[in-house]
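Here is the structure we will look at, set down as structure tokens.
The values are calculated or read from the model by the stated rules, or taken from the named source; none is laboratory data. Quantities reported herein were computed from a predicted structural model and do not represent experimental measurements. Heads up, the Cβs are rebuilt from the backbone with ideal geometry, glycines too, and the neighbour counts pull from every protein chain shown.
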Amino acid sequence: MSDSSSTDRGVCLVTGGSRGIGAATARLAAARGYRVAITYLSRADAAREVVRDIEASGGRAMAVQADVGVEADVVRAFAQADALGALTLLVNNAGVVGGVGRLEDVTGEMLDPLVRTNIVGAFIAAREAVRRMSTRHGGRGGSIVNVSSGASQLGSPNVWIHYAATKGAIDTMTIGLSKEVAGEGIRVNAVRPGIIDTEIHAIRPPGQVEKMRQHIPMGRIGTVDEIAGAILWLASDEASYVTGTLLDARGGI
């Protein structure tokens, strides 16, 4: 993170930034010169570790406890992040899978937190980001990167169609919002990871991840750092003419 002190890119807020892709993205954003705010639901220890790592490398960071499925929590998290300065990057990463099973076994009780976290939370966070970044509101512009999933295209039958459907909603929001704010200095894109080495796949049936790996053309599972790299590229000046894009990072599948 040696370059974090030489380049100030504004503030990056990562929802669900205490573990996995979110934590890797927070650390890389700090290395690229962002001041970083992360939200976490329950793992305060992991969130503090991310903040310590960033600060130990000369960056600035904060962790805010928030349930992204609760609008007031999202609003509060953004308000606290304002203390770091002007928001220029939102990474909508927080998400849950809502259990594993066939659609015939899905219940309303399973769907409620899934929809609130994966869809409502992402929409409210994007709203708060637009209100801060948009030149229409006096902002300096910026970037929103939504973390979707390859499941939105593949459908995830027999596992989590319900989860895949929420990510399909994020894909649609990405496309629509990108057009809505393109003239206001904001680019909106999404990354659609495939099978990545995170805790999310621990709930899959035994042996399923290995079977899926065999169908990946690149022959391996992806890493959180590879997804973080894709996210930060979409937010970078190198992607200055890229908006409304759904970037697949799935090893070819």
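Among the residues of the range 149-160, at least one is within 30 Å of residue 139 (Cα to Cα) and at pLDDT 95 or above. In the range 28-59, which residues are under 22 Å from residue 230 (Cα atoms), among the charged types (D, E, K, R) and surrounded by fewer than 24 Cβ atoms within 10 Å (Cβ to Cβ)? Hits for the range 28-59 are 32, 53. Do we have any residue at all in the range 71-84 that's buried (at least 19 other Cβ atoms within 10 Å of the Cβ), of a type outside the set (A, V, I, L, M, F, W, C) and closer than 23 Å to residue 142 by Cα? No, the range 71-84 has no match at all. Among the residues of the range 27-50, those identified as closer than 14 Å to residue 11 by Cβ and out of contact with any Lys or Arg (no Cβ under 9 Å at 6 or more places or on another chain) are 37, 38, 39. Would you confirm, using the coordinates I've provided, whether residue 72 is in contact with a strand residue (DSSP E or B) (Cβ under 7 Å, 6 or more places away or on another chain), of a type in the set (Gly, Ala, Ser) and farther than 22 Å from residue 223 by Cα? No: the conditions fail for residue 72. Scanning the range 221-253 for residues that are part of a helix (DSSP H, G or I) and farther than 19 Å from residue 167 by Cβ yields a total of 8. Of the helices (runs of 4 or more DSSP H) lying entirely inside the range 59-174, those carrying at least 1 residues that are β-branched (Val, Ile, Thr), within 17 Å of the chain's Cα centre (by Cα) and closer than 25 Å to residue 11 by Cβ are 71-81, 121-133.
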